[in-house]
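Bear in mind that the values in this text are calculations on the coordinates, not laboratory data. Note that the structure is predicted; figures quoted are calculated from it, not measured. Every residue, glycine as well, gets a Cβ built from its backbone with ideal geometry; the counts of neighbours run over all protein chains shown.
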Amino acid sequence: MSDQDETAGPETEADEDNGFKPPKGRFDMPLPDPLPAMPGGTKAGFIALIGAPNAGKSTLINQLVGTKVSIVTHKVQTTRTIVRGVAMHGAAQLVFIDTPGIFKPKRRLDRAMVDTAWGGARDADLIALLIDARKGIDEEVENILKRLSGQSAPKVLILNKTDIAKREKLLQLAQKANEFLEFEETFMVSALTGDGTEAILDHFASRVPEGPWLYPDDQPSDLPLRILAAEITREKLFERLHQELPYISTVETERWETRKDGSARIEQTIYVERDSQKSIVLGKRGQTIKAISQAAREELSDIIEAPVHLFLFVKVRENWADDPERYREMGLEFPK
Ligand SMILES: Nc1nc2c(ncn2[C@@H]2O[C@H](COP(=O)(O)OP(=O)(O)OP(=O)(O)O)[C@@H](O)[C@H]2O)c(=O)[nH]1
Ligand SMILES: [Mg+2]
């Protein structure tokens, strides 16, 4: 099978076999050693945010952390793996874990995402279930509620999107969800506007165990920049592609070079499964890929506070969604 390359930048060379080793998946990174306890007693803990696709988990983690650590789109199944974001709140370090939305998996990638989400919940000290308050409890949410009742970690309920949900529906919804299992607390928030989110920080700061901080207090995320950069491009891709296309594509950062003038030269590959999909990603006269590239470059440049030269290559790889290497790169277990 031969790869086909296309680039959005002025250079067209394919550089698959240049000896470059892709960055390690984020799970290969060991957790830093716990930092020494501060006088007065520090607290720290992991809090998993789980819920159906599109509930607003990634929007909420960004709001709680105060900066963008996880990508957000209007489409379902945006988040594909675990993303950790660190919020400092008084003496407490709250490590929030954003997870992929939980839904009925069909493909291998779906299974990997859903398994990862439940794994995130299993490993956390505390669990927060997010429900889109406008959507309420549908079959998807009901299934999560049922399975969640078997988890031992303390749980809270977060009704999200209060800015667009009917007020009178909220209490009813809280009551119904609490009939499935007993939540310690119920919060009603808008992750988008930040309304009500301070109360979530207060609550978790009081609930996490005493212990040393797990990350430096000025580090909002342990996501390597290369992975964040690939995620940013995937976000732009999701926003501009329709129907099934976002779901059969993935993005990897292949090269990252800092130039003498401080600018970054970044090369990324967008994998799709078929030639026809590649044509759509490129768009008429390359318009789609140019728009994706421009949006990603602008955001990346803001993040690293330096000019970015972004080169996007589109490659057809028929079975990327069955290739263990792609999963490793995304930080996902490869389901057999
Ligand atoms: N109006 C409103 N929209 C919201 C709110 N929170 C999230 N959204 C929107 O809901 C959509 C999905 O948000 P995400 O944060 O990507 O949802 P998610 O739960 O992470 O989704 P997956 O990663 O697919 O599981 C986006 O269009 C957000 O802007 C909210 O409080 N109010
Ligand atoms: Mg998400």
* If you keep only loop residues by DSSP, which trypsin sites (Lys or Arg not before Pro) in region 197-287 have at most 15 other Cβ atoms within 10 Å of their Cβ? -> R259, K260, R274
* Asked: Membrane-span-like helices in the chain: DSSP H runs reaching 30 Å or more (Cα, own axis), mean Kyte hydropathy at least 1.6?
  -> none
* Asked: If we sort 146-156, 66-76 on the protection proxy, mean other Cβ atoms within 10 Å, highest first, what's the order?
  -> 66-76, 146-156
* Which GluC sites (Glu not before Pro) from region 236-336 combine a DSSP loop assignment with at most 13 other Cβ atoms within 10 Å? -> E244, E305, E318
* Hey, what did region 225-330 get for relative contact order, percent, Cα under 8 Å, at least 6 apart? -> 29
* Cα-centred dipole magnitude for region 225-330, charges only on beta-carbon of K, R (+1) and D, E (-1), debye, nearest 20 -> 440
* Let me have the 222 nm mean residue ellipticity of the chain computed from DSSP H runs of 4+ only, each contributing -39500 (n - 2.57), with the sum over all residues rounded to the nearest 500. => -10000 deg cm²/dmol
* Estimated translational D of region 30-207 in µm²/s (Stokes, Kirkwood radius over Cα pairs; 10 °C; 1.306 mPa s) -> 97
* To do: Quick one: work out the % antiparallel among DSSP beta bridges in the chain, nearest 5.
  => 40
* Consider just the alpha-carbon atoms of the chain and return their Rg together with their Dmax, both in angstrom. => 20.5, 62
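What is the percent of Cα-Cα separations in region 225-330 that go past 21 Å?
Roughly 31 percent, rounded to a whole number.
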* Structure fact -> A correct fewest-to-most ranking of L181, L129, L173 by other Cβ atoms within 10 Å would be L181, L173, L129
